[in-house]
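Participant: If you scroll down you'll find the structure; I have some questions about it.
The values are calculated or read from the model by the stated rules, or taken from the named source; none is laboratory data. It should be emphasised that the depicted structure is a prediction, and the values quoted were computed from it without experimental measurement. Because the Cβ atoms are built from the backbone with ideal geometry, glycine has one as well, and the counts that use them run over all protein chains shown. Accessible surface is based on the protein model in full, side chains and every heavy atom, while ligands, DNA and RNA are left aside. Shrake-Rupley method; radii C 1.70, N 1.55, O 1.52, S 1.80 Å.
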Amino acid sequence: MNYFEKNKKNIIIGVIATLLVAALVALWLQKKVIHSADDIVGVVYPASIKVGDTLNFNDKTQFAKQKKWDFGDGNTSDKSNGIHFYNKPGYYNVTLIIDNKYSKSFPILVSARDIIAPVVDELAKIDAPSQAMVFENVQFRAISESTQFTWKFGESGRIDSKDKNATYAFQKPGNYVVTLYTDKGEPTYHNINVIKGYDELDDSALKIDDSFERMDNDFKYHLQQIANGSNFNTHYNYLLNKYLCNNESAIVNVTDSKVNNFYLYCAGLQFDKNKVIQTVKLSFNQDQTCVTKVDINQSK
């Protein structure tokens, strides 16, 4: 019996053991030396973003000696982790390259950012007379859906009111530009001419038309005081005695309502507050001594 036959069993066991060791060595070498793209441990998130949003990237590949991130928009990075921003919408492939040999790609969808149109209020309007007298309480109304209001009446140089409806008495005559600011839209402007008070006027220099205008404005002023809630009897009796010759039935014609008499009109005026008397036109009897009709333009 020769040596092989005599040690056949041991030889077979030795060969099997050698093959097994070789297989284990090959597997170890593959784990430690031989790599593939499947061994790359990198992540990119989120997969769907909008222009300007943050894209995160992170790599923890153990065997990597060199790494490079290619974001598909012309930008690259050699850092293990960080953030990136896209300036344009589109479909991008983010690629992680390890040791210039292995690579792994991550698809990223970048959407356009929604454009939110600013809410612009329709330009606010100012309801106010174009002429007033010094020290007269002038009513200014803001016609707007805004919630914040700032008034500058052009005389003080500062903010005069933050109410939607404001009252202001000018201290000096002149032409003023009233400015209304709101939280929506552009500022609104209103021109008002402020004239001297009656006690400052030189009667000898007044023309007839100016005299009538003065009486119209005086009548308007006292009606506005009634509308503002001032003492009713004071202003009512003043107009009744000075202009109407104590005729409470004098005709009052208002543009937005039916014809009334003076007493009923004034009585309603004190209970329906916030009325703004825009203009008043007086009509006299033949002798020009008593007012027989009052034409009123008003708003609320």
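Participant: Any residue in segment 35-46 that is hydroxyl-bearing (S, T, Y), open to solvent by less than 50 Å² (accessible area, probe 1.4 Å), touching a residue at least 40 places away in the same chain (Cβ under 8 Å) and in a loop (DSSP other than H, G, I, E, B)?
Facilitator: yes
Participant: For segment 208-229, name all the residues that are within 38 Å of the chain's Cα centre (by Cα) and of a type in the set (S, T, N, Q).
Facilitator: Q224, Q225, N228 - these are the residues of segment 208-229 that are within 38 Å of the chain's Cα centre (by Cα) and of a type in the set (S, T, N, Q).
Participant: Here's a check for you: in segment 54-89, which residue that is surrounded by 14 or more Cβ atoms within 10 Å (Cβ to Cβ), within 35 Å of the chain's Cα centre (by Cα) and not aliphatic (A, V, I, L, M) is farthest from A112 (Cα to Cα)?
Facilitator: For segment 54-89, the residue satisfying everything is H84.
Participant: Another one. I need the full set of residues from segment 162-197 which are farther than 21 Å from D210 by Cα and among the charged types (D, E, K, R), in order please.
Facilitator: K162, D163, K164, D183, K184, E186
Participant: I've got another one for you. What are the pairs with Cβ atoms under 8 angstrom where one residue, in segment 177-195, is at positive phi and the other, located anywhere, is of a type outside the set (K, R) and assigned to a loop (DSSP other than H, G, I, E, B)? Sequence gap at least six, or different chains.
Facilitator: Final answer for the pair search is G185/V120; G185/D121; G185/E122; G185/L123; G185/A124; G185/S144; G185/S146.
Participant: If you check K242 against the conditions, is it among the charged types (D, E, K, R) and without any contact (Cβ under 8 Å) to a residue 40 or more places away in the chain?
Facilitator: So K242 passes the test.
Participant: Could you list, ordered by first residue, the pairs with Cβ atoms under 6 Å in which the first is in segment 78-95 and more than 12 Å from I108 (Cα to Cα) and the second is among the acidic types (D, E) and open to solvent by less than 50 Å² (accessible area, probe 1.4 Å), at least 6 apart or interchain?
Facilitator: What qualifies is S80/D59.
Participant: Taking the stated definitions as given, is K172 in contact (Cβ under 8 Å) with a residue 12 or more places away in the chain, touching a Phe, Trp or Tyr at 6+ places or on another chain (Cβ under 7 Å), under 30 Å from K220 (Cα atoms) and surrounded by fewer than 17 Cβ atoms within 10 Å (Cβ to Cβ)?
Facilitator: Considered against the rule, which asks whether it is in contact (Cβ under 8 Å) with a residue 12 or more places away in the chain, touching a Phe, Trp or Tyr at 6+ places or on another chain (Cβ under 7 Å), under 30 Å from K220 (Cα atoms) and surrounded by fewer than 17 Cβ atoms within 10 Å (Cβ to Cβ), K172 comes out as no.
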